[in-house]
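Have a look at the structure below, then the notes.
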Amino acid sequence: MCLTKEQWKNKKRVEILKNIEIAQNVYKMDLQVGEMVKKIQPGQFINLYCNQGQRLLPRPISICQVDEKREILTIVYGVVGKGTREFAQYQSQDKVDIIGPLGNGYDELKKEQHSILIGGGLGVPPLVELAKRLSGNVEVYLGFRSDPFLVDTFKQYTNQVYVATDDGSYGYKGTVLDLLNQKKHVKEQAMIYSCGPKPMLKNIVKWAKEKQYPIQVSLEERMACGVGACVGCVCKIQNVETGEWEYRRVCKDGPVFNGREVVWDE
Amino acid sequence: MNSKITIAGVEFKNPVMTASGTFGSGREYGEYMDLNQLGAVVVKGVAITPWKGNPAPRIAETYGGMLNSVGLQNPGVEAFIENDIPFLRQYDTKIIVNIAGRTIEEYCQVAERLGEVDVDLLELNISCPNVKEGGVAFGTDPFMVEKVTKEVKKYSKQPLIVKLSPNVTDITEMARAAESGGADGLSLINTLLGMAIDIYRRKPVLAMKVGGFSGPAIKPVALRMVYQVNKAVNLPIIGMGGIMTGEDAIEFIMAGATGVAVGTAHFNNPRASLEVVEGIQKYMDTYGVKDLAEIRGII
Ligand SMILES: Cc1cc2nc3c(=O)[nH]c(=O)nc-3n(C[C@H](O)[C@H](O)[C@H](O)COP(=O)(O)OP(=O)(O)OC[C@H]3O[C@@H](n4cnc5c(N)ncnc54)[C@H](O)[C@@H]3O)c2cc1C
Ligand SMILES: Cc1cc2nc3c(=O)[nH]c(=O)nc-3n(C[C@H](O)[C@H](O)[C@H](O)COP(=O)(O)O)c2cc1C
Ligand code: FES
């Protein structure tokens, strides 16, 4: 049970290879992480610590993509506050502390011949590595407010990539759900994988339930430890046995949950 | 060099403990460090029945610190005994159980139940700012502090540490009340009540609006309180509040603490408490301190 010295995980100081703006206020950062790339499951995240010491808490950021051969881990993040503003200023060759991979990623059902990936805004990045690894028929639906990103990356893995923007500046004008409803999904079976803002996820789950598709969603919550110790990052999950909801930790029990078990607050 | 300490007759291999609620029952951070190196693991607050805790968001970051409003979510004492004690007993470290309650009876029930199992000390949490009943309501009135200490003491087999709230005008008054109630030691400080507002959403960041403020930003307040309490009572003190390094811990020891607990620092560095152990050792080696008693309370 007790681990030996070599087995202890630790904060790791890694080099930034590249940090570039790929859409308005959205950055893509490549990190030289070493061996860690081998253990990654799509949907998992890393804790990225700020170099500015007064910002104590790590920022949880999903793993967007890994390059196993070159041991590179890519993240894509939006500049939304103090920490991500700091990240945006990092240059290549700067160093950052990370821990990970953390959490439970998406269950890749190998037998599943048909997968539908649905991402909204900053929920799009974690679906990239998933799209890369899934085999069979993979459809990707992406929703953005206006300036889309990662669309071409998805196109490397499937030719079924559909994009919606709120202002119609790219692809379909409307929400990703409107776009989904435009398509006729006649396949008997499909696994839905989704990540995005809560209101979107709630609607996608409703849609999936109507179609009787199983659905996995990735949730976000404010975190402190990111490893399951502080119970800070909870979401409401239905306990299938008792029928009652209970608080579960997004960082440790998730961030990916069975969409049907998530209890959405109004 | 001897960094051993004794609190209420229990010997600890070093003074460094984990602050309750920041370290679960050690399982998660046990993947990042050797728990055998810690003086004690102080576990998350345990109540007689499971508590759901507060709605999210429960966490907010502030300059040099953070707020939490977890609200003592815990699986109840039975689940704790079944799952966590066997896990912790694999390690050569002391177990301190932080106990929570809504009423004096509930505190007593938890203490009594824990009397039947193998744990080393109890820490009575009468200072949680995140629950309406119990918690801080007991910890801010000297009459209640004495009463709850006295009652729980009757039911506890293990030594009883009382954890004090800093959200009072005069902390020494609470310390004296706990001493009169028969406490075997004190730990301080719990979190300060604080707040953060999201000006873009025009709402408090925390769902509960207010929460407990912790981290290096509170260290001067915590240190001052340990110093004052050490002058006021004759009980061993476990000092905490913003400890990030061995040097921070030495400050608390000089202010009068026997043990020190590391909490929020883990969120910034999963190995923080071990680094505090190493930092204390290094200070002792460098400055020729043979026993921590030489510097304890010298201020
Ligand atoms: C599992 C997980 C995966 C994520 N993956 C991505 C991703 O791939 N790309 C991306 O752009 N964003 C992602 N996020 C959201 C990202 O963590 C926040 O945008 C980021 O923490 C904001 O930090 P800040 O310092 O800029 O914001 P500030 O508002 O200054 O941050 C203050 C505090 O609040 C926390 N916080 C603020 N917003 C969020 C949020 N939405 N979710 C969680 N914590 C928050 C911060 O971590 C910090 O502790 C993810 C969140 C989670 C929980
Ligand atoms: C997320 C979190 C949860 C906490 N839960 C508890 C608890 O269950 N019982 C308790 O007595 N104190 C609890 N505390 C308070 C800490 O044990 C400690 O007293 C306080 O955080 C100050 O130390 P620090 O600045 O090193 O974190 C909690 C603190 C945090 C940050
Ligand atoms: S962030 Fe601490 S339990 Fe999830």
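The values are calculated or read from the model by the stated rules, or taken from the named source; none is laboratory data. Remember, predicted model here, so these are calculated numbers, not experimental data. As a convention, Cβ positions derive from the backbone with ideal geometry for all residues, glycine included, and neighbour counts pool all protein chains shown. Quick note on the areas: whole protein, heavy atoms, side chains included, nothing else; ligands and nucleic acids left out. Shrake-Rupley method; radii C 1.70, N 1.55, O 1.52, S 1.80 Å.
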Exercise. Quick check, is B:Ala217 away from ligand 3 (no atom under 16 Å from the Cβ), out of contact with any Lys or Arg (no Cβ under 8 Å at 6 or more places or on another chain) and over 21 Å from B:Gly139 (Cα atoms)?
Worked result: yes
For this session: Consider B:Pro57 carefully, then state whether it is within 16 Å of ligand 2 (Cβ to nearest atom), out of contact with any Gly (no Cβ under 9 Å at 6 or more places or on another chain) and closer than 18 Å to A:Val250 by Cα.
Result: no
Problem set entry | Residue tally, condition out of contact with any Pro (no Cβ under 6 Å at 6 or more places or on another chain), more than 30 Å from B:Val262 (Cβ to Cβ) and in contact (Cβ under 8 Å) with a residue 60 or more places away in the chain, over the range A:205-240 | 2
Exercise. Is there a residue in the range A:168-177 that is part of a strand (DSSP E or B), in contact (Cβ under 8 Å) with a residue 12 or more places away in the chain, of a type in the set (Phe, Trp, Tyr) and over 27 Å from A:Leu31 (Cα atoms)?
Worked result: no
Problem set entry | Top-ranked residue in the range A:51-63 [being in contact with a Phe, Trp or Tyr (Cβ under 9 Å, 6 or more places away or on another chain) and away from ligand 3 (no atom under 16 Å from the Cβ); ranked as least open to solvent (accessible area, probe 1.4 Å)] | A:Ile63
Exercise. Which condition does A:Ala229 not pass, out of (1) within 18 Å of the chain's Cα centre (by Cα); (2) within 16 Å of ligand 2 (Cβ to nearest atom), if it passes all the others?
Worked result: (1)
Exercise. Which one of these is surrounded by 18 or more Cβ atoms within 10 Å (Cβ to Cβ) and assigned to a strand (DSSP E or B): B:Val162, B:Val152?
Worked result: B:Val162
Exercise. Which condition does A:Lys173 not pass, out of (1) within 16 Å of ligand 2 (Cβ to nearest atom); (2) more than 30 Å from A:Leu48 (Cα to Cα), if it passes all the others?
Worked result: (1)
Problem set entry | Within the range B:154-170, considering residues that are within 16 Å of ligand 2 (Cβ to nearest atom) and under 16 Å from the mean Cα position of the chain (by Cα), the one nearest to the other protein chains (Cβ to nearest Cβ) | B:Lys163
Exercise. Is at least one residue of the range B:237-245 within 14 Å of another protein chain (Cβ to nearest Cβ) and within 16 Å of ligand 3 (Cβ to nearest atom)?
Worked result: no
For this session: Search the range A:68-84 for residues that are within 16 Å of ligand 3 (Cβ to nearest atom) and open to solvent by 10 Å² or more (accessible area, probe 1.4 Å) and pair each with any residue that is of a type in the set (Ser, Thr, Tyr) and not in a loop (DSSP other than H, G, I, E, B) when their beta-carbon atoms are under 6 Å apart and the residues are at least 6 apart or on different chains.
Result: none
Problem set entry | strands (runs of 3 or more DSSP E) (entirely within the range A:66-133) containing at least 1 residues that are within 14 Å of chain B (Cβ to nearest Cβ), aliphatic (A, V, I, L, M) and more than 16 Å from ligand 2 (Cβ to nearest atom) | A:95-102
Exercise. Under 6 Å by Cβ, and 6 or more places apart or on different chains, what pairs join a residue from the range B:252-271 that is facing chain A (nearest Cβ under 7 Å) with one that is away from ligand 2 (no atom under 12 Å from the Cβ) and not basic (Lys, Arg)?
Worked result: B:Pro270/B:Tyr29; B:Pro270/B:Tyr32; B:Arg271/B:Tyr32; B:Arg271/B:Met33
Exercise. Taking the condition open to solvent by 10 Å² or more (accessible area, probe 1.4 Å) and either assigned to a helix (DSSP H, G or I) or under 26 Å from A:Trp264 (Cβ atoms) (or both), does A:Glu139 pass?
Worked result: yes
Exercise. Do we find that B:Thr93 is within 16 Å of ligand 1 (Cβ to nearest atom), within 27 Å of B:Met254 (Cβ to Cβ) and among the polar types (S, T, N, Q) in this structure?
Worked result: no
For this session: Kindly indicate whether A:Lys202 is out of contact with any Phe, Trp or Tyr (no Cβ under 9 Å at 6 or more places or on another chain) and either under 16 Å from A:Asn104 (Cβ atoms) or more than 14 Å from every other protein chain (Cβ to nearest Cβ) (or both).
Result: no
Exercise. Residues B:Ala100, B:Ala111, B:Ala137: which one is open to solvent by 30 Å² or more (accessible area, probe 1.4 Å) and among the small types (Gly, Ala, Ser)?
Worked result: B:Ala137
Exercise. What pairs come up if the first residue lies in the range A:46-63 and is within 12 Å of chain B (Cβ to nearest Cβ), the second is aromatic (Phe, Trp, Tyr), and their beta carbons are under 7 Å apart, counting only those six or more places apart or on different chains?
Worked result: A:Gln54/B:Tyr63; A:Leu56/B:Phe267; A:Leu57/B:Phe267; A:Pro58/A:Tyr49; A:Pro60/A:Phe45
Exercise. Can you pull out the residues in the range A:204-231 that are hydrophobic (A, V, I, L, M, F, W, C) and open to solvent by 20 Å² or more (accessible area, probe 1.4 Å)?
Worked result: A:Met223, A:Val231
Exercise. Can you tell me which residues in the range A:211-261 are near ligand 3 (Cβ under 6 Å from one of its atoms) and of a type in the set (Gly, Ala, Ser)?
Worked result: A:Ala224, A:Gly226, A:Gly228, A:Ala229, A:Gly232
Exercise. Failed condition for A:Val234, given (1) open to solvent by less than 20 Å² (accessible area, probe 1.4 Å); (2) in contact with a strand residue (DSSP E or B) (Cβ under 6 Å, 6 or more places away or on another chain); (3) more than 16 Å from ligand 2 (Cβ to nearest atom), with all others met?
Worked result: (3)
